[in-house]
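Have a look at the structure below, then the notes.
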Amino acid sequence: MKKSSFIALILGTVSGVLFSLGMCMALIPEWDAFREGVVFGVIGGAMGIITIMIWRKMEGRRPVKLSGKKVLFSILGIAGALILGLGMCFCLVWEKFIPGTLIGLLGIVMLISLIPITKGIK
């Protein structure tokens, strides 16, 4: 294992754990730790971005250049994940299975459509 991959593995794990713990703290009312959870979540998210920057630097790659196309793909991916999560909430929390399944399928289709949109069909 290369040194850069090991560093990215450690930093990515720590950032993922902090982000997940922060989301649990913020969203589970019994814990009564909303503010602390938001802080942990932001720290975890920031560490994730820093991890990507450190890994790219260690690999000798150029920084990611933002373009309108990349931003649009990112928005589509985020929207697809949120819609999939909304469908899961409909099914699991509110027990509305038919609309939840349809909303979840829409999110899955949005996420799957990212592959041919970004890579193209040959």
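Anything in the stretch 85-95 that is in a helix (DSSP H, G or I) and among the hydrophobic types (A, V, I, L, M, F, W, C)? List them, or say none.
LEU86, MET88, CYS89, PHE90, CYS91, LEU92
For the stretch 1-32, what are the residues that are touching a Phe, Trp or Tyr at 6+ places or on another chain (Cβ under 9 Å) and either part of a loop (DSSP other than H, G, I, E, B) or β-branched (Val, Ile, Thr) (or both)?
Passing the criteria: only ILE7.
Being crowded, with 18+ Cβ neighbours inside 10 Å, free of Cβ contacts under 8 Å to residues at least 24 places away in the same chain and under 27 Å from VAL64 (Cβ atoms) is the filter here; which residues of the stretch 17-51 pass it?
Across the stretch 17-51, the qualifying residues are GLY22, PHE40, GLY41.
Test GLY85 against the stated conditions and say whether it is of a type in the set (Gly, Ala, Ser) and in contact with a helix residue (DSSP H, G or I) (Cβ under 9 Å, 6 or more places away or on another chain).
In short, yes.
Scanning for something surrounded by 15 or more Cβ atoms within 10 Å (Cβ to Cβ) and touching a residue at least 24 places away in the same chain (Cβ under 8 Å), does the stretch 97-106 turn up at least one residue?
Looking for residues that are surrounded by 15 or more Cβ atoms within 10 Å (Cβ to Cβ) and touching a residue at least 24 places away in the same chain (Cβ under 8 Å), one finds none in the stretch 97-106, hence no.
Here is a list: LYS57, LYS65. Which entry is modelled with pLDDT under 95 and either assigned to a helix (DSSP H, G or I) or surrounded by 15 or more Cβ atoms within 10 Å (Cβ to Cβ) (or both)?
Result of the check over LYS57, LYS65: LYS57.
If the requirement is being exposed (fewer than 14 other Cβ atoms within 10 Å of the Cβ) and part of a helix (DSSP H, G or I), which of these qualifies: LEU82, LEU76?
The conditions single out LEU82.
The values are calculated or read from the model by the stated rules, or taken from the named source; none is laboratory data. Only a predicted model underlies this, so the values are computations on that prediction, with no experimental measurement involved. Here Cβ is always computed from backbone atoms with ideal geometry, including for glycine, and neighbour counts include all displayed protein chains.
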